Amino acid sequence: MIEALHHIGIAVENLDEAVRIYRDQLGLRLDSIEEVPTERVRVAVLFAGETRIELLEPTGDDSPIAKALAKRGPGVHHVAFQVGNTAEEIRRLDAAGLRLLDEEPRKGAHDTKCAFIHPKSLGGVLGELVEPAR
C-alpha cells in the first residue's frame, strides 16, 4: 500500500541553475546531486522541511526527461509515492486495473527500487512508486 508522499519530481533544463534558484532563492536544503545512468538523468535532491523535491536534468536526448521537456517544457514531471515493496505494489495496482509503465521494479536514485504509473490512470499525472533502500 501507499505509505507516504516520497517526492515531487520537477523536470529542468539546467540543473545547476535550478539548484541555485531552489536552494539560494527559495532556501531549500540541498541534500545531494547524483547521476542515474539507467534513467539518463542528473538528480538534485532538496528538502522543504520534510518534503523532498527532486530536480531532474536529462543527460542525453534519449532520456525520458528530455522527451518530457521537449513535449511540455520545464515543470512538474511526476509525483512519487513511498511503498514498502515495489514488486507487490506493481501486482496490486495491475490487478486493480491501473496502467503501469513497468512490469518489474527498476533501479532509481539513491539505490531505491521504483516503477511508474501511466498518467492516464491518474488523471494526467505521472505517478512513481518508490521503495527506499533498506
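For the pair Arg134 and Lys71, what calculated FRET efficiency results from E = 1/(1 + (r/R0)^6), where r is the Cβ-Cβ distance and R0 = 25 Å, to the nearest 0.05?
The calculated FRET efficiency here is 0.10.
With an 8 Å cut-off on Cα pairs and a minimum separation of 6 or more residues, tell me the relative contact order of region 1-70 in percent.
Computed value for region 1-70: 33 percent relative contact order.
Taking amide H positions as placed 1.01 Å from N in the peptide plane, with prolines and chain starts having none, which residues 5 or more places from Leu101, or on another chain, fall under 5 Å of its amide H?
Amide H to amide H, under 5 Å and 5 or more residues apart or across chains, Leu101 pairs with Phe116, Ile117, His118.
Quick one: if the Förster radius is 22 Å, what FRET efficiency do Glu34 and Glu103 give, using the C-beta to C-beta distance and rounding to 0.05? Show your work: numbers first, answer last.
Working: r = 25 Å, r/R0 = 1.15.
With R0 = 22 Å, the Cβ-Cβ based efficiency is 0.30.
Under a point-charge model restricted to the Cβ atoms of Lys and Arg (+1) and Asp and Glu (-1), what is the dipole moment magnitude of the chain relative to its Cα centre, in debye to the nearest 20?
320
Sum -39500 (n - 2.57) across every DSSP H segment of at least 4 residues in the chain, then divide by the residue count to get the 222 nm mean residue ellipticity, nearest 500. Provide the component values of the computation, followed by the final result.
Working: 3 runs with 24 residues, N = 134.
Value at 222 nm, helices only, nearest 500: -5000 deg cm²/dmol.
Quick one: 3J(HN,Hα) in Hz for region 100-111, Karplus 6.51/-1.76/1.60 with θ = phi - 60°, rounded, Gly and Pro as x.
Result, rounded to whole Hz: 10, 8, 10, 8, 9, x, 10, 7, x, 5, 6, 6.
Could you tell me what percent of the DSSP beta bridges with both partners in region 2-131 are antiparallel, to the nearest 5?
Once the DSSP bridges in region 2-131 are tallied, antiparallel ones form about 80 percent.
Using a 10 Å Cβ count of at most 15 others and DSSP loop calls, identify the longest part of the chain lacking such GluC sites (Glu not before Pro).
51-102
What number, in percent, do you get for the relative contact order of the chain if the mean sequence gap of Cα pairs under 8 Å and at least 6 apart is divided by its residue count?
Value for the chain: 25 percent.
Mind listing the phi-derived Karplus ³J(HN,Hα) values for region 27-43, rounded to whole Hz, using 6.51, -1.76 and 1.60 with θ = phi - 60°, and x for any glycine or proline?
x, 6, 8, 7, 8, 6, 10, 9, 9, 10, x, 5, 9, 6, 8, 9, 10
Evaluate the distance, in nm, between pseudo-label points positioned 7 Å from the Cα of Asp111 and of Thr59 along their respective Cα→Cβ axes.
For the pair Asp111/Thr59, the computed spacing is 1.8 nm.
Which shape class, rounded, prolate or oblate, goes with region 47-93 when its Cα gyration tensor gives a ≥ b ≥ c as root eigenvalues, a/c under 1.5 marks rounded, and past that a/b bigger than b/c marks prolate? Can you show the working numbers first?
Numbers: a/c = 2.62, a/b = 1.41, b/c = 1.85.
It is oblate, given that a/c is not under 1.5 and a/b is not larger than b/c.
Quick one: which residues, 5 or more positions from Gly108 or on another chain, have an amide H under 5 Å from its amide H? H modelled 1.01 Å from N in the peptide plane, none for Pro or chain starts.
Placed amide hydrogens put Lys113, Cys114 under 5 Å from Gly108.
Any idea which of Leu101, Asn85, Pro37 is furthest toward the positive side of the dipole for region 1-122, if Lys and Arg beta-carbons carry +1 and Asp and Glu beta-carbons -1?
Leu101
Hey, fewest Cβ within 10 Å first, where do Val43, Val125 land in order?
Fewest-to-most ranking of Val43, Val125: Val125, Val43.
Using a basic spin-label model with each label point 7 Å from the Cα along Cα→Cβ, how many nm lie between Ala96 and Arg23?
3.7
Can you compute the modelled spin-label distance between Ala4 and His118, with each label point 7 Å from Cα toward Cβ, in nm?
In this crude spin-label approximation the distance works out to 3.1 nm.
Only the coordinates and a few stated rules stand behind these numbers; no lab work does. This one's a predicted model, so the numbers in the text were calculated from it and none came from an experiment. FYI the Cβ positions are ideal-geometry reconstructions off the backbone, even for glycines, and counts take in every protein chain you see.
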